[in-house]
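Below is one structure; the comments refer to it alone.
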Amino acid sequence: MMRRAFLSRIGYATAGSLLAAPYLARVHVRSPPSMFLFGQVPLPYAFDALEPHIDRFTMEVHYNRHHAAYVRNVNDAIEQEGIVVGDAKEFFKGASKLSEKARNNGGGAWNHDHFWQGIAPGQVEPPGRVREALRTAFGDMEGFKRAFTEVAMQRFGSGWAWLVERDGRLEVGSTRDQDNPLMDVGAFQGEPLLALDVWEHAYYLKHQDRRIAYLASWWNVVNWNAVAMRMR
Ligand code: MN
């Protein structure tokens, strides 16, 4: 039994490396049952539930096309490259060793789920412990919003703005492309509490080039209960 498992692992790795050859590109390799794959969590609200702050068309394109493609492509990379990890955190911890395809699409898959869970219809006030932690780190709510807005606006090109918890303290920062603070790459790391997608695809249909207008809308739908649940 052990020998069989060993041989199938070897066979799998070999098939994975052969896939680099273009003539084998369409061969389908079956994943071992234990293999971790990314999923796309169903949206916890309707596409139009965040109107007028985030419009239905943007949500549909963003979730059904952009996000779905990241999930499809990272799982494709996991299968092709024979990446074996237990969960997403382990996947990101080894980001420096991943291919561009696995890293970019893995980030894209996970970041968007985090983003969708971090917004919700209806105004939600920050629970007391969130407010308290923000006050400690940024002076007050306005101080936090200023700091977050600054990192979101300063991110050149595509990327994400984050509120993270690190060593018991809240910090804001941004990552490029689909990187995230769970990855072992880049200077900004921590436990993600809140994410804002600042790729143009997140706002261009409604706001065109005005990222600041998108930010102003997004504050109205931040799900502070999700932030509270993510805090240690
Ligand atoms: Mn996006």
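No lab work stands behind these numbers, since they all come straight from the coordinates. A quick note: this is a predicted structure, and the numbers were derived from the prediction, not measured. Every residue, glycine as well, gets a Cβ built from its backbone with ideal geometry; the counts of neighbours run over all protein chains shown.
Placing dummy labels 7 Å off each Cα toward the beta-carbon, the span from Arg169 to Asn64 is 4.6 nm.
The magnitude of the dipole of the chain, with charges of +1 and -1 set on the Cβ of Lys/Arg and Asp/Glu and taken from the Cα centre, is near 660 debye. When the helices of the chain are scored as -39500 (n - 2.57) per DSSP H run of n ≥ 4 and the total is divided over every residue, the value at 222 nm lands at -13500 deg cm²/dmol. Computed extension length for Phe36-Thr136: 32.2 nm, one decimal, from 0.36 nm per residue of separation with the Cα-Cα distance subtracted.
When only Cα pairs under 8 Å and 6 or more residues apart are kept, what is the percent relative contact order across the chain? It comes to 21 percent, rounded to a whole number. Lys-Lys pairs in the chain that are eight or more residues apart or on separate chains and whose Cα atoms lie under 24 Å of each other come to 4. Loop-located chymotrypsin sites (Phe, Trp or Tyr not before Pro) across the stretch 102-183 with a Cβ neighbour count of 10 or fewer within 10 Å are Phe156, with loop assigned by DSSP.
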